[in-house]
Amino acid sequence: MSPVPKKYRLHFILLIVMFFMMWLVNISVGSVAIPIGETFKFLLHQNLENDTWQTILEGLRFPKSLTVIVVGMGLSVSGLLMQTLFRNPMAGPSVLGISSGASLGVAFFLMGSSWWGISNAGWGMQMSIVLSAIVGALGVLGLILILSYKIKNTLSILIIGLMLSALTSSVISVLSYFTTSQKLQQYIFWGFGNVSNLTYNELAFLYTSVGIGLFIVLFFLKPLNSLLLGENLAQSMGVNIRFTQNTILIIVGVIVGILTAFVGPIAFIGLAVPHIARLIFKTSNHMILFPAVILLGSIVMLICDTLSQLPFSEQVIPINAVTSLIGAPLVILLILKQKNYSI
Amino acid sequence: MNQPATHIDFQTSHLSIGYPTRKESLEVLSDINLSVNQPELIAIIGKNGVGKSTLLRTLAGLQPALSGSYAINGKQRHSYTPLQWAQMIAVVLTEVPQHNDFTVYEMVAFGRQTYTNWLDQHTISDKKKIQEALEITHIWELSQKRFAELSDGQRQKVMIARALAQDTPIIMLDEPTVHLDIHHSMEMFVLFQKLVQKHQKTVILTTHEIGLSVKLADVLWVIDQGKIFTDKTQQIVQNQIISQVFDTDLIRFNIKTMNFEYR
């Protein structure tokens, strides 16, 4: 299992080429179509003749594409890590209710903020949303992990995840009943999932935090492979199980929490992308899957975002709708072929 | 390269094993005094539920002992780091890994994880050890096949090859013949004998194959009613311990044929 054997080299080159192509397309498409040649120029830091295009690219589409990429990478890797940790092909941030947990955290903070009297502005506010999302995500993640020690059945864990999602949404409903309409509106807009409107400062924060998380995961790829053989065998090979599980869990909680705080809950990407990677690479080796999932996650999210712009029209549909359209059928497919899935 | 120490000194004294529960611990066996100091094929036998697997799992370090002392080469179990321990004992368990896309080669290569760097890169000696393990277990020609596509017997061999690649002086196997027919069970036992005699390993296994154990194991650890009888296989048989433990209204152990027969 040397890193990136020759037979996968072509796969990776193609994925990298595809990544840049999708990025270009993503930036070019929108209510104002910009020729691909011009976006290419922009990416090469050349000034465009058309000032409007320059403004649209610099102020809107480029930061949005950066958001989409980091969300795709972060959520997809989180999905991969969760599937390995739970040894469950159906695991993913949205399916197991981790995103709902983050939402609940944010709901408590936004709608309850009148009770704890926090002012509604600025960077401190944004950071508090982030913190509450992380706390919510880690809470649900911990709960699911404890339950998964007791329940080995894949589908049962899935059902518990769905129930937790239902539970959090009903708690959120109760909260929204008692809150002011202004706060409710604030929360609902957040919940739609929005990848635009992020400032370059916020993006720097997203990339740093997700980057640190992914960097730490690098050192856990080997134990993650062993975990696929079962905890007992992994332990017998010298893997520190608890340490590995706890570290990975915290990384997933923080990544999902932070991403959810900034762009709202985004469904199914974390679940679907690792499976697409396994289909293409036909391996369970994390040394291969990890970089593959990072690339594929960005590509899939870029495609979803491009589709949500409804090319050649001025309408925009929520990106969540697009990811669900792709993800939900995949879950059904997975359940149908339960017997011979691999993780 | 880590040469396995062929001489091992394996001692337990007053070891008590079982499962700690919230109020009081559930003791399965107590006052276990075992000692191994040369390569041997050791079979742990006993009726269902007497604690064979619990004993094996405890000795393998997969679950803590309730009390007592367990030392290998003069060092207590709890003084070993996980990696040091992994270089002492390799295991083969009843739960066979499922739902993965690993090839047989990759599966066996897992045995080298104990020695490889963080990127799991293989040195020449790692590759040599993997090849040796594949050859000893006669699965070299399967090495590029997908593990998921193999039969039970083949999978068991792969898991044994993985343990061999871990290059430890001791290998412990929990019911290695449980899913196998008599032909493959026999083949397994012959393989274990070869590991002991030719490769100087100490092999400790739990099994329900009393007949094969009596014929092929060097030492028997017989568990019955909370006690362990440990001795050379011949002594155990001559002292009629097999008959005492396993004879029922329906079957009895025949010392001459070394087999069970209907009464």
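The values are calculated or read from the model by the stated rules, or taken from the named source; none is laboratory data. Since we're looking at a predicted model, the values are computed, not measured. Cβ: placed from backbone, ideal geometry, glycine included. Neighbour counts: every protein chain shown. For accessibility, only protein heavy atoms count, side chains too; no ligands or nucleic acids. Shrake-Rupley method; radii C 1.70, N 1.55, O 1.52, S 1.80 Å.
General remarks:
- Shape call, chain A: gyration tensor on alpha carbons, a/c limit 1.5: oblate
- Accessible carbon and sulfur surface of segment B:96-167 relative to its total accessible area, %, 1.4 Å: 49
- For B:ILE44, distant residues with modelled amide H under 5 Å away: B:LEU205, B:THR206, B:THR207, B:TRP221
- B:GLN235/A:LEU155 FRET efficiency (R0 60 Å; Cβ-Cβ; nearest 0.05): 0.70
- Three-way shape call for segment A:22-116 based on the alpha-carbon gyration tensor, with the a/c threshold at 1.5: oblate
- Backbone amide hydrogens, once placed in the peptide plane, bring B:VAL91 within less than 5 Å of B:MET172, excluding anything fewer than 5 places away on its chain.
- Cα centroid of segment A:277-307 to Cα centroid of segment B:53-99, whole Å: 38
- Mean per-residue shielding of peptide B:160-171 is 1, counting Cβ atoms of other chains within 10 Å of each Cβ.
- Per-residue SASA entry for B:ILE124, accessible area with 1.4 Å probe, Å² rounded to 10: 140
- Phi-based couplings in Hz for segment A:18-26 (Karplus 6.51, -1.76, 1.60; Gly and Pro marked x): 5, 4, 5, 4, 5, 5, 4, 4, 4
- B:ASN48 paired with A:LEU218, simple spin-label distance in nm, labels 7 Å along Cα-to-beta-carbon: 5.2
- Alpha-carbon centroids, segment B:178-211 and segment A:194-270: separation in whole Å: 43
- Only one residue of A:GLY97, A:THR306, A:VAL32 has its Cα farthest out toward the positive end of the dipole of the protein assembly as shown, where Lys and Arg carry +1 and Asp and Glu -1 on Cβ, and that residue is A:GLY97.
- Length released on extending from A:GLN315 to A:LEU167, taking residue separation times 0.36 nm less the Cα-Cα span: 50.0 nm
- When GluC sites (Glu not before Pro) are flagged only if DSSP places them in a loop and at most 12 other Cβ atoms lie within 10 Å, the longest unflagged stretch of chain B comes out as B:96-263.
- The C-alpha atoms of chain B define a longest principal axis, and helix B:152-165 lies at about 70 degrees to it.
- Average other protein chain Cβ within 10 Å of Cβ, residues B:99-109: 5
- Residue-normalised accessible area of the protein assembly as shown, expressed per residue, 1.4 Å probe, Å²: 44
- Apportionment of accessible area to carbon and sulfur, chain A, percent (1.4 Å): 70
- When each of A:LYS282/B:LYS145; B:LYS47/B:LYS227; A:LYS7/A:LYS282; B:LYS227/B:LYS256 is checked by Cα-Cα distance, pairs over 19 Å: B:LYS227/B:LYS256
- Neighbouring partner chain Cβ atoms per residue of B:114-127, average, 10 Å criterion: 3
- Loop-located chymotrypsin sites (Phe, Trp or Tyr not before Pro) in segment A:144-248, at most 12 other Cβ atoms within 10 Å (DSSP): A:PHE219
- Across segment B:131-143, rounded Karplus estimates of 3J(HN,Hα) from the backbone phi angles (6.51 cos²θ - 1.76 cosθ + 1.60, θ = phi - 60°) give 4, 4, 4, 5, 6, 4, 8, 6, 10, 4, 6, 8, 4 Hz, Gly and Pro being marked x.
- Interchain or long-range residues, amide H under 5 Å from A:PHE86's placed H: none
- When the square roots of the Cα gyration tensor eigenvalues are ordered a ≥ b ≥ c, the ratio a/c for segment A:129-261 is 1.5 or more and a/b does not exceed b/c, which makes its shape oblate.
- Coupling constants for segment A:179-186 follow from the phi torsions by the Karplus curve (6.51 cos²θ - 1.76 cosθ + 1.60, θ = phi - 60°), and in residue order they are 9, 7, 5, 5, 5, 4, 4, 4 Hz; glycine and proline get x.
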